[in-house]
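Before any comments, here is the structure.
Just so you know, all these numbers are worked out from the coordinates, no wet-lab data involved. Please read these numbers as outputs of a predicted model, since none were measured by experiment. Ideal geometry is used to build each Cβ from the backbone, glycine not excepted, and the neighbour counts take in all protein chains shown.
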């Protein structure tokens, strides 16, 4: 009996590894999409945006209402999610952050963190009052379970979400490296003072960065919504994931966010399947501690300015 | 204010705890005051860490939760008296805070809040998931410190704890370590240049404030008696940050003012229901953050200074 079992377990194990690797990569694509916006804004403004998770949360609510109240199709709901995220992000930048980084206070970076953190608490509380704490569901674009090679099982929604995430991150790469907006962003990343001397309007490009960051967060949440639920404090989980990704990948690095997002997804799924289920969130965290101990600046980050 | 006045304020709290307990108040007020003491310990020690040492940690409530769960663990598992936890737990959480500092302080500036935030998030997940140890979301119980429903021992205890907090804060801020902490906050590079071991100062600041957070946690566990992972939800951390910021970060009594403002607000808007309470409190905190960046104490102080100057000017013109 034992010989027969051994004969059977080896290929089973391989199949399980392949399945979990694919599942992890698909999940990781969404983590990357959540985190690139955060990384972009940090690179340009040196602002760690604690309200990023709430951009995502409000985006997913917009998607739910687009479908349930206005009867829009699922793809239009994703556009609504991105638009809502972008709008909230823009308002955040203009109302909350700009007065702070125009001021002359000390420890501006830390103060923007407190301001965005209070904003995120307010948005969660306000959403709870307006929409209640019910867990809502969003229909996906491709509601079917797919089966490859007899042993890889995937939901169509996951595949759609992953493809959209990769396309969006690819678009962001194109913007950053091939357009004038991207050149301005990179200039601001290198030196805000130098960029303003050569005539780059910091506020305009900061607004663009926030628009993109909010749209990505909203879209990521809209893509995640069919796989999870939509509720007011869902942004906190999203934020923790995004933080872990940017810490692992290196603050301000878009490629780093992509690689770290995929890595995080794979590590989480592998840990859940092969170590112990129930501690899914702890594996990414262990990865983060390991990276901090070995490479404090992240896998792809440069040791930043001396401030 | 002079040094002795700062100690007098600590003494006032110790005495008023005894006074209120002997006069006797309605249970609902006693509850309000006792939990306010918990929040004061937390917000005050966070103010010490963020406002004076410049290290913005979001794991502070997590450390208090570690203290509370630690209290429950030693009381339940080893049959230690809850009183002894007030001595053991601060040492335990200070050690955890030190370890956290050793990992998290490898990066500087704005990355620290991110890392501590992720730490706290993971700890909350652990508390909920490790249900065989912590009881999960069902909660973990421990016997009461004082049998019965009389709240006066807790009132006396909260007065003493607040007094102890202010004494420790005075010792830290008036001592060498407080000056070094502020030098790290104001100009890290200059501080390093004149020979301050900034890493060590930051770790010390983490340990001192983690010890205070642990004390708060031990008190919470002994008073409330049931612990649930919701104790370290991010909205709790938001409350603590709001309290410190509303009063004024980096002001000795900033946390005190913030706790008074938020707790009385909480008390008076309670009638609207829990969700509305949270909206009102976070909205007030957000407005203060946006429009009174230095906090209420500094804003009122400036207003007073100006009116004093105007009066002087007016009287000089008249004469």
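Taking only Cα atoms and a 10 Å spring cutoff, compute GNM fluctuations for chain B and point out the largest among B:77, B:218, B:164.
Its mean-square fluctuation being the largest, the pick is B:77.
Cut-off is 10 Å between beta-carbons; in what order do A:245, B:110 appear when sorted fewest neighbours first?
By the 10 Å Cβ count, ascending: B:110, A:245.
Between residue B:226 and residue A:106, what FRET efficiency follows from the Cβ-Cβ distance if R0 is 30 Å, with the result rounded to 0.05? If you can, show how the numbers build up before the last one.
Numbers: r = 42 Å, r/R0 = 1.41.
In this case the efficiency is close to 0.10.
Rank-order A:160-168, B:260-268 by packing density, defined as the average count of other C-beta atoms within 10 Å over each peptide's residues, highest first. Kindly include the intermediate steps, with their values, before the conclusion.
Working: A:160-168: 19.7, B:260-268: 16.6.
The densest-packed peptide leads the list: A:160-168, B:260-268.
With a 10 Å Cβ neighbour count serving as the proxy for reagent exposure, in which order, fewest first, do B:166, B:13, B:272, B:78 appear? The partial results should precede the final answer.
Details: B:166 24, B:13 21, B:272 12, B:78 8.
Ascending Cβ contact count within 10 Å gives the list B:78, B:272, B:13, B:166.
On average, how many beta carbons from a partner chain sit within 10 Å of the beta carbon of a residue in A:288-300?
Per residue, the average neighbour count from other chains is 3.
Nearest 10 degrees is fine. How inclined is helix A:156-178 to the longest principal axis of chain A, computing both from alpha carbons?
For A:156-178 against chain A, the angle is about 30 degrees.
With runs of 4+ DSSP H residues as the only contributors, calculate the mean residue ellipticity of chain A at 222 nm using -39,500 (n - 2.57) per run, divided by the residue total and rounded to the nearest 500.
That comes out to -24500 deg cm²/dmol.
To test your reading of the geometry: what angle, between 0 and 90 degrees and rounded to tens, separates the Cα axis of helix A:202-224 from the longest principal axis of chain A?
So the inclination is approximately 20 degrees.
Would you mind telling me which residue in A:37, A:156, A:85 has the biggest mean-square fluctuation in a Gaussian network model of chain A, where springs connect alpha carbons within a distance under 10 angstrom?
A:156
Which ordering of A:244, B:96 is given by a fewest-first count of other beta-carbon atoms within 10 Å?
B:96, A:244
Give the angle, between 0 and 90 degrees and rounded to the nearest 10, that separates the Cα long axis of helix A:280-294 from the longest principal axis of the Cα atoms of chain A.
Value to nearest ten degrees: 60.
For residue A:137 and residue A:12, compute 0.36 nm times the residue count separating them, minus their Cα-Cα distance, and round to one decimal in nm.
41.6 nm
Mind telling me which of B:100, B:290, B:35 comes out most flexible in a GNM of chain B, alpha-carbon contacts under 10 Å?
Checking each option, the largest mean-square fluctuation is seen for B:290.
Just how far, in whole angstrom, is region B:81-124 from region A:86-148 if you go by their alpha carbon centroids?
That distance is 26 Å.
What average number of partner chain Cβ atoms lie no more than 10 Å from the Cβ of the residues making up B:273-285?
Partner Cβ neighbours, averaged per residue: 5.
Just counting partner chain Cβ atoms within 10 Å, what average do the residues of peptide A:95-102 show around their Cβ? Don't jump to the answer; show the numbers that get you there.
Working: counts 1, 3, 0, 0, 3, 3, 0, 0.
Per residue, the average neighbour count from other chains is 1.
For residue A:94 and residue B:313, FRET efficiency with R0 = 41 Å and r from the beta-carbon atoms, rounded to 0.05?
Details: r = 39 Å, r/R0 = 0.95.
Step by step, r from the Cβ atoms, then E = 0.60.
Given the DSSP H assignment, sum -39500 (n - 2.57) over each helix run of at least 4 residues in chain B and divide by its residue total; what's the result at 222 nm in deg cm²/dmol, nearest 500?
It lands at -25500 deg cm²/dmol.
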